[in-house]
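The values are calculated or read from the model by the stated rules, or taken from the named source; none is laboratory data. Quick caveat: nothing in here was measured; it's all calculated off a predicted structure. Reconstructed Cβ throughout: ideal geometry from the backbone, glycine too, with neighbour counts over all protein chains shown. All accessible areas refer to the heavy atoms of the entire protein, side chains included, with ligands and DNA or RNA removed. Shrake-Rupley method; radii C 1.70, N 1.55, O 1.52, S 1.80 Å.
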Amino acid sequence: MTVFSKNRCRGPAIRLPKTTFGAFMLLFWMWWALLAVFRAFPGIDIYFSQLFFVGADCDATAAAGSICGGFPYRDVATFDLLRTVFFRLPYVVAIVMVWKLVECYQQHGATFNAARAQKLKVALGTLLIGPVLLVNVVLKEHWGRPRPIQTDIFGGALHFVEAGSLAGKCVSNCSFVSGEAASAGWLLCLLLFVPKSLRYALAPPVAAISILTPAMRLSFGAHYLSDVVLGWLSSLVVFAALLALTESQQHQKNSEI
């Protein structure tokens, strides 16, 4: 009888990055890999949006070959209220963090909490660079991807284009990528800065909001799956990048002392 050791039965070990820079590189290349997958298989986006689209009979005024119907979840009052709350929550949190940062810099000498100030700057910097500038100013305004509800597949007037394509005819506030998903991803990043005594209590509701926000945008026909996944992940990439940069600068200062 052949005896196999426990080590032989185990599969290949998954090695997670041991440094913040390693985490950044993993997330960065994961973002591009996912974009490549969504571009290569655009049917993924169409399939998941079709799960939430309900067709209907067209009236007599509709042109021949028209697709009629809609995304019913966008008309549910409860979901619309949740969407409004989730949309505003990150910016309410950001205002509180700005206030806390100002409080930090009102302290001097031994009472100045440099570590806390640094964490607040990383968090606020991530929100500014990621959801605000990268997503809403650059991608959504210049990539021109129509939202699902705007495309002819779901009764709109514009043609579907795959993730990352510049061929779309959307003029402003377009689908690629989701700004609300990016803000939801940013909220999840903040758990890293929460004291461990509170982290376990806050993790479930924050994670739920972080997941439900992009899920609702998908169900409303406002974004494709690729828009919400890549938008959500973009904040993690920026957050890891700023953390790695901060740690590098701190290490350099310590080496100079």
- Note on the structure: One finds, for S248 and L128 with R0 = 30 angstrom and r their Cβ-Cβ distance, a FRET efficiency to the nearest 0.05 of 0.90
- Query: Which of rounded, prolate, oblate describes segment 135-175, given a ≥ b ≥ c as roots of the alpha-carbon gyration tensor eigenvalues and a/c under 1.5 marking rounded, otherwise prolate only if a/b is larger than b/c?
  - Reply: prolate
- Probe 1.4 Å, protein heavy atoms only - accessible area per residue of segment 147-257 in square angstrom: 44 Å²
- Relative contact order of the chain (C-alpha contacts under 8 Å, at least 6 apart) in percent is 25 percent
- Expressed in square angstrom to the nearest 10, the accessible area of T19 with a 1.4 Å probe stands at 80 Å²
- Computed label-point distance, nm, for sites F112 and A157 using a 7 Å Cα→Cβ extension: 5.7 nm
- Note on the structure: Expressed in square angstrom to the nearest 10, the accessible area of H108 with a 1.4 Å probe stands at 140 Å²
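Can you give the charge dipole size of segment 63-141 about its Cα centre, rounded to the nearest 20 debye, using +1 on the beta carbon of Lys and Arg and -1 on the beta carbon of Asp and Glu? Spell out each step's value before the answer.
Values: 8 positive and 4 negative charges, 52 e Å.
Dipole about the Cα centre, nearest 20: 240 debye.
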- Query: With θ set to phi - 60° and the Karplus curve 6.51 cos²θ - 1.76 cosθ + 1.60, what are the ³J(HN,Hα) couplings of segment 66-77 in order, to the nearest whole Hz, using x for Gly and Pro?
  - Reply: 5, 9, 10, x, x, 9, x, 5, 6, 9, 7, 4
- Message: Applying a 10 Å radius around every beta-carbon, put 187-194, 50-57 in order of their mean neighbour count, most first.
- Response: 187-194, 50-57
- Magnitude of the Cβ-charge dipole of segment 18-156, K/R +1 and D/E -1, about the Cα centre, nearest 20 debye? 840 debye
- Paramagnetic reach from K121 (point 7 Å along Cα→Cβ, amide N under 16 Å) across segment 83-101: 98-101
- Query: Considering the values [x] 40, 20, 15; [y] 38, 26, 18; [z] 34, 30, 15, which represents semi-axes √(5λ) of the Cα gyration tensor in Å as calculated for the structure under consideration?
  - Reply: [y]
- Subtracting the Cα-Cα distance of W29 and F87 from 0.36 nm times their residue separation yields 18.1 nm
- Pop the C-beta distance of V96 and V137 into the FRET formula with R0 = 25 Å and round what comes out to the nearest 0.05. 0.60
- Percentage, to the nearest whole number, of Cα pairs in segment 90-224 over 21 Å apart: 52 percent
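Say R0 is 25 Å: what FRET efficiency, to the nearest 0.05, do L51 and A77 get from their beta-carbon distance? Don't skip to the end; give the middle numbers.
Details: r = 22 Å, r/R0 = 0.87.
Efficiency for this residue pair is about 0.70.
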- In terms of the alpha carbon gyration tensor, root eigenvalues a ≥ b ≥ c, rounded if a/c is under 1.5 and otherwise prolate when a/b exceeds b/c or oblate, segment 165-247 is oblate
- Item | Computed helical MRE - 222 nm, the chain, DSSP H runs ≥ 4 contributing -39500 (n - 2.57), nearest 500 | -19000 deg cm²/dmol
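Would you mind working out the magnitude of the charge dipole of the chain relative to its Cα centre, with +1 at each Lys and Arg C-beta and -1 at each Asp and Glu C-beta, to the nearest 20 Debye?
Dipole of the chain, to the nearest 20 debye: 1200 debye.
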- Cα lying deepest toward the dipole's positive end in the chain, options A77, L134, W32, charges on Cβ: W32
- Return the long-range amide H neighbours of G69 (sequence gap of 5 or more, or a different chain), with a cut-off of under 5 Å between placed amide H atoms. A56
- From the cross-link list K119/K169; K18/K140; K18/K169; K18/K196, which pairs have alpha carbons spaced over 32 Å apart? K119/K169; K18/K140; K18/K169
